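Have a look at this one before I ask anything.
The values are calculated or read from the model by the stated rules, or taken from the named source; none is laboratory data. Owing to the predicted nature of the structure, the values given are computational and were not obtained by experimental measurement. Ideal geometry is used to build each Cβ from the backbone, glycine not excepted, and the neighbour counts take in all protein chains shown.
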């Protein structure tokens, strides 16, 4: 455990999103020291460790808990979240924190067990959109909409990403794959942050791709959703309609629109925020954008999620 003046010591469980986004984000933020990384493929974990100057690399995540880090980042397939979070809380006691990627767990029972174990502890779920400067600006001025009426949010992933993507856990419902968990959970958290407590939920999931080829060329069944549509109704009577899935060729992006009795906000692809307030026409709001993925040190632009992550 570090003292207050020492760098925060960190270990990471997972070597995909972690190496592409989380480690560059930690490096950009500063004030921390990455002790180790665990990945299913030991050679890849070692390559990541060498690239970023991390001392420990392993394919046994349990071994990293012996390093007694201040913070554990869990960035793995969803079916591993529960055992990893519970083991971390048990091993580190009151001296460590855990940040778990979304979705939190495979089901409500797992999530409740994790919540009970983490009660009173520094344990966090990674919903970074609420930290984006544009979202913070909407949150600060939400009262200017007057009585909230409705919201729409959609996030479309490139069609090409679905066509060329080989089979992985992402297409396996038993391991927590699918659009609702991967993307829909972000949109739900965003709406709860802006509009408050949810009274009721209706969801519709579809699967338009039924098989994928794995790395060996064998056909594997797709059991996870590739499109999710969700309607939330809030305690104040407003509603939000959320949609996430794969788009037409060349189509992708994030769009969020909130409408109230006195105005509207329109957030476009995480790069532009517009507002129509008190009868004025829709016009851009001057909000300082976050740094670009390149400025964060990320080799590939991972979109709005990666640009918001280092702003915690």
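Is it the case that residue 155 is under 21 Å from the mean Cα position of the chain (by Cα) and farther than 21 Å from residue 79 by Cα? Break it down into steps so the answer makes sense when it comes.
Details: under 21 Å from the mean Cα position of the chain (by Cα): yes; farther than 21 Å from residue 79 by Cα: yes.
Criteria met by residue 155.
Given the structure, is residue 173 within 20 Å of residue 75 (Cα to Cα) and at pLDDT below 95? Even if it seems obvious, please write down each step before you answer.
Numbers: within 20 Å of residue 75 (Cα to Cα): yes; at pLDDT below 95: no.
Judged against the criteria, residue 173 is not a match.
Something else: Quick one: how many residues across the stretch 183-212 are over 20 Å from residue 104 (Cβ atoms), surrounded by 14 or more Cβ atoms within 10 Å (Cβ to Cβ) and modelled with pLDDT under 95?
3
Still on this model: With a cut-off of at least 2 residues that are surrounded by 21 or more Cβ atoms within 10 Å (Cβ to Cβ), name the helices (runs of 4 or more DSSP H) lying wholly within the stretch 74-182. Give the steps one after another, and end with the answer.
Working: elements: 81-92, 108-118, 133-141, 159-163.
In the stretch 74-182, the matching helices (runs of 4 or more DSSP H) lie at 81-92, 133-141.
Scanning for something closer than 22 Å to residue 89 by Cβ, in the same structural domain as residue 84 (by TED's automatic domain parsing), out of contact with any strand residue (DSSP E or B) (no Cβ under 9 Å at 6 or more places or on another chain) and surrounded by fewer than 16 Cβ atoms within 10 Å (Cβ to Cβ), does the stretch 56-67 turn up at least one residue?
Yes, the stretch 56-67 contains at least one residue that is closer than 22 Å to residue 89 by Cβ, in the same structural domain as residue 84 (by TED's automatic domain parsing), out of contact with any strand residue (DSSP E or B) (no Cβ under 9 Å at 6 or more places or on another chain) and surrounded by fewer than 16 Cβ atoms within 10 Å (Cβ to Cβ).
Taking residue 187 and the conditions (1) over 23 Å from the mean Cα position of the chain (by Cα); (2) within 21 Å of residue 301 (Cα to Cα), which numbered condition does it fall short on, given that it satisfies the others?
(1)
Here's another thing I want to ask about it. Can you tell me how many residues within the stretch 239-276 are assigned to a loop (DSSP other than H, G, I, E, B) and either outside the structural domain of residue 137 (by TED's automatic domain parsing) or at pLDDT below 95 (or both)? Even if it seems obvious, please write down each step before you answer.
Within the stretch 239-276, the subset assigned to a loop (DSSP other than H, G, I, E, B) is 247-252, 261-262, 269-271.
Going one step further and asking which of them are either outside the structural domain of residue 137 (by TED's automatic domain parsing) or at pLDDT below 95 (or both), we end up with 247-252, 269-271.
Result for the stretch 239-276: 9.
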